[in-house]
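Everything on this sheet refers to the single structure shown next.
The values are calculated or read from the model by the stated rules, or taken from the named source; none is laboratory data. Predicted, not measured: the structure shown is a model, and the values here were computed from it. Quick reminder, even Gly has a Cβ in these numbers, built from the backbone with ideal geometry, and neighbours come from all protein chains shown. Accessible surface is based on the protein model in full, side chains and every heavy atom, while ligands, DNA and RNA are left aside. Shrake-Rupley method; radii C 1.70, N 1.55, O 1.52, S 1.80 Å.
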Amino acid sequence: MWTPTKNSEILPILPKIGGLILAGGSGMRMGGLDKGLQLLHGSPLIAHVLSRMYNQVSWWGVSANRHLPQYAAWGMPVWSDAPAWKGMGPVAALATAARHFPPAFTWVQCVACDMPYLPLNLTACLHRACPSSAHVAVARTTEGEHFTTALLPRTLLQQAADYLA
């Protein structure tokens with residue numbers, strides 16, 4: 001079982017940022033498998049994500065639509081998409097998170113459960129790219145934008161719920 005450890009290479013936790021791991025997809029490109037639970041070097045992908053991201057924010061939650069007990073075993077709150085929004089993708093995860101995300105956080109660091117090599121300073125870099133809480137920062141590589149790897153103002157969670165409603 002994975003346990004969080006302090007890593008001197010990881011930047012200090014930024015204030016007022018909570019994390020949301022997106023693990024609710026259907027895994028269609030993987031034959032319907034739950035991506036976050038697939039093994040890489042003997043550990044589930046979510047373990048790799050957590051080892052890179054855990055110390056970058058002060059709270060984590062998981063959006064998952066299957067295998068909720070397995071995800072809950074990592075010691076984080078887990079919730080599935082609201083019934084009206086099942087199958088509507090990451091926007092449904094954001095909308096559902098609006099009901100569960102602690103109000104103390106002004107920012108939400110979203111990451112997908114199947115990205116095992118996220119930068120150890122991802123949240124700090126995205127935070128620097130946001131001049132105010134009215135902005136969104138999306139990760140970008142030479143392959144393009146990665147919209148599920150983003151730093152969002154918490155207010156967007158409720159806007160996602162309003163949009164889907």
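Per-structure values
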| read-out | value |
| --- | --- |
| Single residue of the stretch 107-138 satisfying the filter (modelled with pLDDT under 90 and polar (S, T, N, Q)) that is most open to solvent (accessible area, probe 1.4 Å) | 133 |
| Test set (1) in contact with a helix residue (DSSP H, G or I) (Cβ under 6 Å, 6 or more places away or on another chain); (2) open to solvent by 50 Å² or more (accessible area, probe 1.4 Å) - residue 157 fails condition number | (2) |
| Extreme residue, modelled with the lowest pLDDT, among residues of the stretch 33-56 that are of a type in the set (A, V, I, L, M) and not in a strand (DSSP E or B) | 33 |
| Qualifying position, being in contact with a helix residue (DSSP H, G or I) (Cβ under 7 Å, 6 or more places away or on another chain) and either open to solvent by less than 50 Å² (accessible area, probe 1.4 Å) or outside any loop (DSSP other than H, G, I, E, B) (or both), among 98, 84 | 98 |
| Checking residue 89 against (1) open to solvent by less than 20 Å² (accessible area, probe 1.4 Å); (2) closer than 18 Å to residue 150 by Cβ, the condition it does not meet | (1) |
| Neighbours by Cβ (under 9 Å, 6+ apart or cross-chain): first from the stretch 53-69, farther than 21 Å from residue 95 by Cβ; second open to solvent by less than 20 Å² (accessible area, probe 1.4 Å) and aromatic (Phe, Trp, Tyr) | 53/60; 54/60 |
| First in the stretch 131-148 and within 13 Å of residue 111 (Cα to Cα), second anywhere and modelled with pLDDT of 90 or more and open to solvent by 80 Å² or more (accessible area, probe 1.4 Å), Cβ under 9 Å, 6 or more apart | 137/128; 138/145; 139/145; 146/140 |
| Top-ranked residue of the stretch 57-76 - restricted to ones that are assigned to a helix (DSSP H, G or I) and touching a strand residue (DSSP E or B) at 6+ places or on another chain (Cβ under 7 Å), ranked as least open to solvent (accessible area, probe 1.4 Å) | 71 |
| Sole exception among (1) modelled with pLDDT of 95 or more; (2) surrounded by fewer than 21 Cβ atoms within 10 Å (Cβ to Cβ); (3) under 25 Å from residue 126 (Cβ atoms) for residue 8, by number | (1) |
| Conditions (1) assigned to a loop (DSSP other than H, G, I, E, B); (2) within 13 Å of the chain's Cα centre (by Cα); number of the one not met by residue 111 | (1) |
